[in-house]
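The values are calculated or read from the model by the stated rules, or taken from the named source; none is laboratory data. Since the model is a prediction, treat every value here as computed from it, not as a measurement. With ideal geometry, Cβ positions are generated from the backbone for all residues, glycine too; neighbour counts draw on all protein chains shown. These accessible areas exclude ligands, DNA and RNA; they are computed on the full protein's heavy atoms, side chains included. Shrake-Rupley method; radii C 1.70, N 1.55, O 1.52, S 1.80 Å.
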Amino acid sequence: MASQLEKAHALAKESPQHAAEIYASILHADQSSDVSVADRESALLSLAALFERMQDAAALTNLINSSQNYLVTVSKAKSSKLIRTLVDRFDGIPGGLQPQIATCQGMVEWAKSENREYLRQALETRLVALYLDSRMYTEALELISRLLSELKKLDDKMQLVEVHLLESRVYMAIKNLPKSRAALTSARTGANSIYTPPPLQAQLDLQSGTLHSEEGDFKTAYSYFFETMEGLAAYVNPKSSSASTSAPLASAAPTSASSEQRQLQAFAYMILCKIMIQQPDDIAGLLATGKTAAKFRDEQVVVALQTVAKAQKQRSLADFEKALSEYRNELQSDELIRSHLMALYDTLLEQNLVRLIEPYSRVEISHIAKLIGLPISVVENKMSQMILDKVLHGILDQGNGCLVIFPEPKDDSTYETTIETIKSLGNVVESLYAKASAL
């Protein structure tokens, strides 16, 4: 059967359908045949990787469901590892999230029927992450609540850390920052009492940095993102893609690729922090130092953030808009980058409007829109917001299409002084009343 495996490996690129048939014949061969357990395992993993490369989610789902008879014959630890590897293969298939959720739910039921509690909990933890990716937050929180109750009884600290981390990410996705921070604190407390693998520690640091950036503390966030990138530097193997030609698909584990993607994410967030703290000049130095910077320097998201930094340095709203439009996919796909750049755009728009309006006491809105290069409706809405936020002191004369600027009001301390006087008189009256009562 080794020759059959080698033949399938050789055909994998040129004739994937033929290779899939050979892999399937090895995997589903009769127990009485001379096919070894190792050959079946190799055929299973190679077939899953082949379906991932073919972008065939339905075939991968069928493979996982049909492999249950084989999984029963191997040890529980081995079958658990194989199932998690197979489920992770959906990650490389566009639009494979919903089939992955359905498959994971099916394997959870299979684990229950086989009384494999550890596998069920591991799969449910993976299912929480999938719910998070598909924005099914209610389902994720319900599953987290049940998992935490079970894991605390078992005192499985490693998985508790993972579930608390996922809980923190879910709460942050629904903008409940206090609960997100509480869950992250629980995760870090648990991680301090055990050995935490580098990828998990990197996820904790990345989540800490993300929380700090959401709270506006970009300097602390930068340090956490740096720790994430450095922590994964030794773990990520840049040569992982050059696998052996004898089994090119079976050996391609998704772990290294996902860790490298997380490293790129942390590096992009570091650049974002420099932009948000108004230090775009530091980005050039950041890109010029270290192997990691050299590795990611030409990535599209890094180039996009560099373009945004240049626009910010020149305080050019037109260049900023051009960068947002030109690199829409790179800057809009990440929630953290998108939200902070939108906030930065609003700030930059506000600064430009204040600078243009400053010389006038009464000015046509169309004239300001022409100067700033934006539609009148956008400028008018922004001016309304600035007036309500008391950044501008004035009114919009919509009948004449003008903005009327009032002189900046002076602070009138009469009200505060009157309140203080009344408070002092009250204290005097109470003191006199106390003395009279003592006579």
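Data for the structure
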item	result
Number of positions in region 5-23 that are in contact (Cβ under 8 Å) with a residue 24 or more places away in the chain, touching a helix residue (DSSP H, G or I) at 6+ places or on another chain (Cβ under 9 Å) and either part of a helix (DSSP H, G or I) or among the hydroxyl-bearing types (Ser, Thr, Tyr) (or both)	7
Leading residue by the ranking (farthest from TYR269 (Cα to Cα)) among those in region 307-323 that are open to solvent by 50 Å² or more (accessible area, probe 1.4 Å) and in a helix (DSSP H, G or I)	ALA318
Unique match (being buried (at least 16 other Cβ atoms within 10 Å of the Cβ), at pLDDT below 90 and not small (Gly, Ala, Ser)) among GLU358, GLU408, GLU330	GLU330
Residue count for region 77-104, restricted to those that are more than 24 Å from the chain's Cα centre (by Cα) and of a type in the set (S, T, N, Q)	2
Subset of region 271-306 [open to solvent by 30 Å² or more (accessible area, probe 1.4 Å) and polar (S, T, N, Q)]	GLN278, GLN279, THR289, GLN300, GLN306
Flag if GLN98 is surrounded by fewer than 21 Cβ atoms within 10 Å (Cβ to Cβ), modelled with pLDDT of 85 or more and on the phi > 0 side of the Ramachandran plot	no
Residues of region 195-219 classified as more than 26 Å from GLN279 (Cβ to Cβ), open to solvent by less than 40 Å² (accessible area, probe 1.4 Å) and over 16 Å from the mean Cα position of the chain (by Cα), total	1
Flag for VAL74 being farther than 19 Å from ILE93 by Cα, open to solvent by 40 Å² or more (accessible area, probe 1.4 Å) and over 35 Å from the mean Cα position of the chain (by Cα)	no
Pair list, Cβ < 8 Å and 6+ apart or interchain, from region 64-76 residues that are free of Cβ contacts under 8 Å to residues at least 40 places away in the same chain to residues that are of a type in the set (S, T, N, Q) and in a helix (DSSP H, G or I)	LEU71/SER79
Which numbered condition LYS153 fails, given (1) at pLDDT 90 or above; (2) open to solvent by 60 Å² or more (accessible area, probe 1.4 Å); (3) not polar (S, T, N, Q)	(1)
